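Contents: one structure, followed by commentary.
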Amino acid sequence: MNNNVAANNNVILGMDCFLEELKNRLSEYYKDEYSVNIKTITKNNDKVRHGLSIHKRGTNVSPTIYLDEAYEDYTKGKSLCEIASEIIATRRECKESLDFEAEHFMDYEWVRSRLGIRLIGKSLNSKRLKELPHVDFSDMAIVFYVEVDEDSIGKGTIFIKKEYMDEWSVNIKRLYTDAMNNAMQKEQPVLEDIMTMLMELYNARFGEEGDEDYKAVLEGIRDGAKERGKMYVLSNQSRNNGASVITYPGMLHDIGESLGSDFYIIPSSIHEVIILPVIEDSDHGYLLSAMVKEVNETKLEPENVLSDHAYRYHRNTNWLEPFSQSVIDDPAA
């Protein structure tokens, strides 16, 4: 469909014209008090989403209202008038808290206590990382965000862009230090045996009545763990973007000392990783990487993928070794 076709009762606008038409209607409604802008946002793993930002003139930060689902509703018959009204209502509901956040965002002292970290894959986020300050962690990257937590809008995040650092006159070393200190205080790491976690989920779901089929699966996992050695799940207390805890200073070293061995890190998602001790100096990293790749392609939502391969932590040298694609393709390499 041609995006330049005008809207009428019989023609469905393409995404570009849909956004432009909404922008015009909203700009007419808000007049000079607010500025309405079309935004194309690159989310985790370079997934692109479309939306509009509506912010008070003179401020540098604004909420983005994503419209990909609204566009789908529009193609199914919802009118532009209805969608514009919903956007206005959404903006009105969170107006006071969002405008307050925007006015304070350029004050680094206000931002500092709200900083957090997130771990993402570098190769999967090459476009996004061009505008985000980051610190390399093996073949991944630590990025930074400001946490917004207001009663009227719930919890959200604003990722730090390079231009924000210029406004604050803050360098990457200070940003990293402040964000990491906050993360370690607010989100303690949680390392637990995978069977303990699965049993907790089982009991929460089925209670005392149980489910024989599900229980049989758990017993199979337990028997397999006896042969392979224990597996652990590492995350944070909220289990939200918990894979980032592997970047906490000293975390991998402490796990290695506790296990008394090297260990594999299986990046099951951005929310947690699986820790598997290396048994009898075996080296199965390429097999684990193949498993990670398959799970990523068949089970995970694209935005939840952290990395497409496994890692081995060498505790004697403090080296986090990624098992790259070349290793997956050639086990003898």
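Taking label positions 7 Å along the Cα-Cβ direction at both residue 79 and residue 43, the computed distance is 3.0 nm, reported to one decimal. Note on residue 304 and residue 109: the model spin-label points, each 7 Å out from Cα along the C-beta direction, lie 4.2 nm apart.
Report the net charge of residues surrounding residue 258, where surrounding means a beta-carbon distance below 15 angstrom and charges are Lys +1, Arg +1, Asp -1, Glu -1. The partial results should precede the final answer.
Working: positive: 230, 315; negative: 192, 193, 254, 257, 262.
Local net charge: -3.
Here are some pairs, 230/299; 47/130; 43/161; 230/293; which of them have Cα atoms lying more than 19 Å apart in this structure?
Working: 230/299 23 Å; 47/130 14 Å; 43/161 13 Å; 230/293 22 Å.
Result: 230/299; 230/293 exceed 19 Å.
If the chain linking residue 271 and residue 318 were pulled fully straight, counting 0.36 nm for each residue of separation and taking away their Cα-Cα distance, it would gain 14.6 nm. Which residues does the label zone of residue 122 cover in the range 296-320, counting backbone N under 19 Å from a point 7 Å along Cα→Cβ? Hits in the range 296-320 for residue 122 at 19 Å: 305-314, 318-320.
Modelled this way, with points 7 Å down the Cα-to-C-beta line, the labels at residue 131 and residue 89 are 3.0 nm from one another. Subtracting the Cα-Cα distance of residue 139 and residue 181 from their residue separation scaled by 0.36 nm leaves 12.9 nm. Computed from point charges on the beta carbon alone (+1 for Lys and Arg, -1 for Asp and Glu), the dipole magnitude for the range 15-94 about its Cα centre is near 280 Debye. Put simply, the amide H of residue 157, placed in the peptide plane, has neighbours under 5 Å in 148, leaving out anything fewer than 5 places away on its chain.
A short reminder: the numbers here are calculations on the coordinates, not readings from a lab. Since this is a predicted model, take the numbers as computed values, not measurements. For neighbour counting, all protein chains shown are included, and Cβ atoms are generated from backbone atoms with ideal geometry for every residue, glycine included.
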